[in-house]
Amino acid sequence: MALAEQLTQRGFTYDAPPNFILSLGPLPEMAAVNGYSQYLRSRAGGSILLGRIALENFRKELVKLAAESNFHQFYREKRPYLQELLSSTMKGFEGQKILTWLQDFFGAKGDEYHLVLAPAFFPGGGYGVTIETKDGRRLVYQIIREYGQSEDTPEFGGIYDLEQLSLHEWGHSFVNPALEKYRQQVRALNKLFIPVKERMAQMAYPNVETFFNEQVLRAAVLLGTKDLYGELESARGLEFEILTGFYLTEFTVEQLKFYQANRDQYPDFVQFVPYLLEQYKQHQEELISLAQEAKEFEIKEVKIKAAYWPGERGIEMLTPRYHPSLLIEAELPGRPLSVQQVNAFLLAAGLDFQLVAADKVVVEARIYEGNLYPINNQITWGFWLSFTDEEYSKLAPGVTYRLVPKTENPEYKWVMDQAITLALP
C-alpha cells in the first residue's frame, strides 16, 4: 500500500497503472516481459532511473500480494461470471469495422488489438495503451471503465458507446507515434495549448504533447463517426469536443479532410503530420484569438424555439431522466467553450417555468438537465423540465397552455420570438 501511495503522489494515475499491468506477463510470476517503457518510467519516478526502480519494486510487491491473497484461485472462481459479463457486454460489437476504418485512414496497423473491460475503474470512458514487445510487435489495448452508476452489475454502455470508445482508444496507437516523430514541432505550438492549459490538466492532459495527441485524435474520430454512423452523430460530437475545451477541433477536422482528399500525396498519416503542424503554426494567432473570444463569451440571452412532450415528432429518440418531463429546444447566441458558461446563464436567468392558460391554475416546472440533443435532425441545445406529480395533475386536458419563465432578469433573458404553446399529449 505504501508503494502504491507513493506512486500515486508522483502522478502514477489514470492510464499509467493499467499500462504497467499490461506490460507484465501472466500470474504468478508477472515478469516484466517487455520491460518498462520510457513513458511508464517517467510517470513513476520523475526520472527514468528512479521510475524503473520504483516500477520493479512495485511489481515484486504485487507478486507477493497475489501469492499471499491466493488471487489466482479467486480469479479462477470468478472467471465464469467475468466471461458472462464480457459476452453480454460485447454482443453485437463490430471491432473489425472500427479497425478497418482506422487502418485505412491512418495507413498503418498494429499486430494485435485488444479490448479490456475494467469494472473496478470508473466513471465511464477509457484509456489506450500500446505495448512494444521485445520481438518488435505492437500490441494495442483499450481499457474500458465502468459507468460508475450501478451497485450490482457493471455497466459499460451500449454497442455504439463501445465502438465510439474503440475509435478513440485504439486510435491513440496511430496518432501518438505519428506526432511523437515530430515532438519538437509539436512543442513549438505551446502557445495554442496555453488558453486551455488549466482545463486540460484537470483531464490528465498536462502538456502540449498530450493535448495535441488528444486534439488530433478527437478530430479524426469525428471523421470516423461521420463515415460509420452518419453526419448527425459527427455534428453532435464536434459540439461536445469544443464544449470540452478542444477549441481546435473544427480547424483540425478541415485539415484532416484535406489529408483524406490527397492520399496520393500522403500515403499515410505520418507523412501528413508535418503539413498539419505547419497549418497550426501559420494560423496560430487567429486560433488563439478564437480561443480568447470563446473564453470571454458570456451568454446574456437564450431563445426558446419550441417545447415538446416526450415521444413527440422531432425528439422520438430522446428519453427523459424523470417523468413527467418537458423538453425545450433552445438556441444559444454563440458557441460556448465550457458547460460552465451555460450553467452561469441558467442560474442567472432562472430555472423555473410556468404553464399558463386563461382561467386555469398556473402549473410550475423546473429545469433539471440540459445537453446537446438531436432535435428535428439537427444538433441543438435542449433543456428538460420536470413536474412534480402534484403540478402535472393540474394540467387540464384539451387546454392550450403558454410556456413562460417564472421570473424575468433584465440582464439575462429567456427570449421567445413567438408564443410557445402546448397541450397535454
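The values are calculated or read from the model by the stated rules, or taken from the named source; none is laboratory data. None of the values given here were measured: they were computed from a predicted structure. All Cβ positions, even for glycine, are placed from backbone atoms using ideal geometry, and neighbour counts span all protein chains on display.
With respect to the stated conditions, Y322 is more than 21 Å from D417 (Cβ to Cβ) and hydroxyl-bearing (S, T, Y).
Residues of the stretch 22-44 that are assigned to a loop (DSSP other than H, G, I, E, B) and either closer than 19 Å to L65 by Cβ or free of Cβ contacts under 8 Å to residues at least 60 places away in the same chain (or both): S23, L24, G25, P26, L27, P28, E29, M30, A31, A32, Y36.
A quick yes/no check of all residues on (1) closer than 22 Å to S23 by Cβ; (2) in the same structural domain as I21 (by TED's automatic domain parsing); (3) acidic (D, E):
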residue	(1), (2), (3)
F74	no, yes, no
E77	no, yes, yes
P80	no, yes, no
E84	no, yes, yes
S88	no, yes, no
G92	no, yes, no
Q96	no, yes, no
G107	no, no, no
L117	yes, yes, no
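Scanning the stretch 130-150 for residues that are in a loop (DSSP other than H, G, I, E, B) and either under 17 Å from V175 (Cβ atoms) or without any contact (Cβ under 8 Å) to a residue 40 or more places away in the chain (or both) yields a total of 8.
Screening P320, P274, P336 for residues that are assigned to a loop (DSSP other than H, G, I, E, B) and either among the aromatic types (F, W, Y) or closer than 30 Å to V216 by Cβ (or both) leaves exactly one candidate, P336. Criterion applied to A291, A330 was being in the same structural domain as E233 (by TED's automatic domain parsing) and either surrounded by 13 or more Cβ atoms within 10 Å (Cβ to Cβ) or modelled with pLDDT under 95 (or both), and the one residue passing it is A291. Taken over the stretch 348-369, the criterion of being surrounded by fewer than 14 Cβ atoms within 10 Å (Cβ to Cβ), assigned to a loop (DSSP other than H, G, I, E, B) and touching a strand residue (DSSP E or B) at 6+ places or on another chain (Cβ under 7 Å) is satisfied by V362 alone.
Screening A201 against (1) within 21 Å of F105 (Cβ to Cβ); (2) outside any loop (DSSP other than H, G, I, E, B) leaves a single unmet condition, (1). Quick test for you: out of I288, I375, pick the one residue that is of a type in the set (A, V, I, L, M, F, W, C) and farther than 27 Å from G230 by Cβ. Going through I288, I375 in turn, the sole match is I288. Among the residues making up the stretch 409-425, a single one is hydroxyl-bearing (S, T, Y) and modelled with pLDDT of 95 or more: Y412. Among the residues of the stretch 393-406, those identified as assigned to a strand (DSSP E or B) and under 25 Å from N343 (Cα atoms) are R402, L403, V404, P405. What about E132, is it of a type in the set (D, E), at pLDDT 90 or above and not assigned by TED's automatic domain parsing to the domain that holds Q215? In short, no. Screening the stretch 370-392 for residues that are among the polar types (S, T, N, Q) and in a strand (DSSP E or B) and picking the one that is surrounded by the fewest Cβ atoms within 10 Å (Cβ to Cβ) gives Q378. R335 satisfies every condition listed in (1) among the basic types (K, R); (2) within 21 Å of P374 (Cβ to Cβ); (3) at pLDDT 95 or above except (3).
If you go through the stretch 247-272 and keep only what is touching a Lys or Arg at 6+ places or on another chain (Cβ under 7 Å) and touching a residue at least 60 places away in the same chain (Cβ under 8 Å), you end up with just V270. Looking only at the stretch 407-425, residues that are touching a residue at least 40 places away in the same chain (Cβ under 8 Å), under 18 Å from G382 (Cα atoms) and not in a strand (DSSP E or B) come to 4 in all.
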